Amino acid sequence: MVVPDEPFLASTRTSYDVMAAEYADMVSSGLDAKPLDRALLAAFAELVQAGGNGLVADVGCGPGQVTVVLRRLGLDVFGIDLSPEMIAVARRTYPDLRFEVGSMLALDLPRASLGGLLAYYSIIHIPWERRSDVFFEFHRVLAPGGQLMVVFQVGNDQGHRAEAFGKAVCVDWYRQQPDEIADLLRRAGFEVSATMTRQPDSAEKTPQGYVLARKPVAEP
């Protein structure tokens with residue numbers, strides 16, 4: 001599938017291509033100091049396994065640092081990312097895992113083909129007005145009973161970054177409110193299981209948000 005080349009997608013893809021190696025180094029041990037994140041990922045994995053242990057997509061996987069965690073938790077998981085350079089790094093780092101270039105707005109996956117989908121800080125570059133499109137696409141590719149986990153920074157602000165790791169980039173970011181994400185997911189057809197907010201640690205500027213949801217086993 002050809003990734004739609006909307007301006008915000010093109011700039012985000014190019015920016016992460018430019019900083020792929022540096023970004024991968026930065027996040028390589030990112031979960032080591034996040035016990036709550038690890039616990040929630042384990043809960044997500046358990047929910048997927050209880051529902052039949054279907055294929056899981058880590059959408060916006062970056063260099064694969066969370067994809068490999070899900071594999072170690074027993075999931076049949078693969079990664080998708082907008083940035084070809086990020087995917088190249090992921091494939092070199094984790095050659096036994098599958099990684100593909102793709103857009104969360106147009107996933108190259110059949111309808112109802114996934115048992116689970118993780119979006120770990122990957123909706124943060126999606127304009128607020130396009131989040132519903134993303135969530136309807138997540139709903140399309142999840143099988144009935146499929147599990148969804150979305151993680152993001154909490155807030156009401158948006159911003160632009162023009163430099164990262166000493167390199168020129170052009171990327172917008174958007175913070176989210178857990179209750180608003182939950183409402184958008186319900187409108188897209190999901191049943192919301194849990195919302196959670198964690199206070200920032202010493203390396204973070206904002207609270208962190210988590211939403212767990214499920215595609216209904218029987219559609220209304």
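Some observations on this one:
- Our helix-only sum for the chain, with -39,500 (n - 2.57) per DSSP H run of n ≥ 4 divided by its residues, gives a mean residue ellipticity at 222 nm of -10000 deg cm²/dmol.
- Fraction of beta bridges assigned by DSSP in the range 61-192 that are antiparallel (%, nearest 5): 40 percent
- Solvent-accessible area per residue for the chain (1.4 angstrom probe, square angstrom): 45 Å²
- Shown here: the chain, whose C-alpha atoms stretch 50, 39, 37 Å along the first, second and third principal axes, sorted largest to smallest.
- Where labels lie 7 Å past Cα in the beta-carbon direction, separation of Glu46 and Arg98 in nm: 2.8 nm
- A DSSP coil position with no more than 10 other Cβ atoms inside 10 Å describes the following trypsin sites (Lys or Arg not before Pro) in the range 34-113: Arg111.
- Exposure rank, largest accessible area first [His139, His160; 1.4 Å]: His160, His139
- Simple label model, 7 Å out from Cα along Cβ direction - Asp133 to Phe8, nm: 0.8 nm
- Label point distance in nm, Arg161-Met26, each placed 7 Å from Cα along Cα→Cβ: 0.4 nm
- Calculated FRET efficiency, Arg198 to Ala218, Cβ-Cβ distance, R0 = 25 Å: about 0.15 to the nearest 0.05.
- On Cα atoms only, tilt of 84-93 relative to the major axis of the chain in degrees: 80 degrees
- Neighbourhood net charge (15 Å Cβ-Cβ; Lys/Arg +1, Asp/Glu -1) for Lys167: -3
- The chain: antiparallel DSSP beta bridges as a percent of all, rounded to 5: 55 percent
- Helix 178-187 axis, angle to the chain major axis (alpha carbon atoms, nearest 10°): 50 degrees
- Candidates per chymotrypsin sites (Phe, Trp or Tyr not before Pro) in the range 132-220, loop by DSSP, up to 15 other Cβ within 10 Å: Phe165
- Fraction of accessible area attributable to carbon and sulfur, the chain (%, probe 1.4 Å): 53 percent
- Note: relative contact order over the chain, using C-alpha pairs below 8 Å and six or more positions apart, is 19 percent.
The values are calculated or read from the model by the stated rules, or taken from the named source; none is laboratory data. As the structure is a computational prediction, the values presented were derived from the model and not from experiment. Neighbour counts run over all protein chains shown; Cβ positions are idealised from the backbone, glycine included. Note: areas computed on protein heavy atoms with side chains; ligands, DNA, RNA excluded. Shrake-Rupley method; radii C 1.70, N 1.55, O 1.52, S 1.80 Å.
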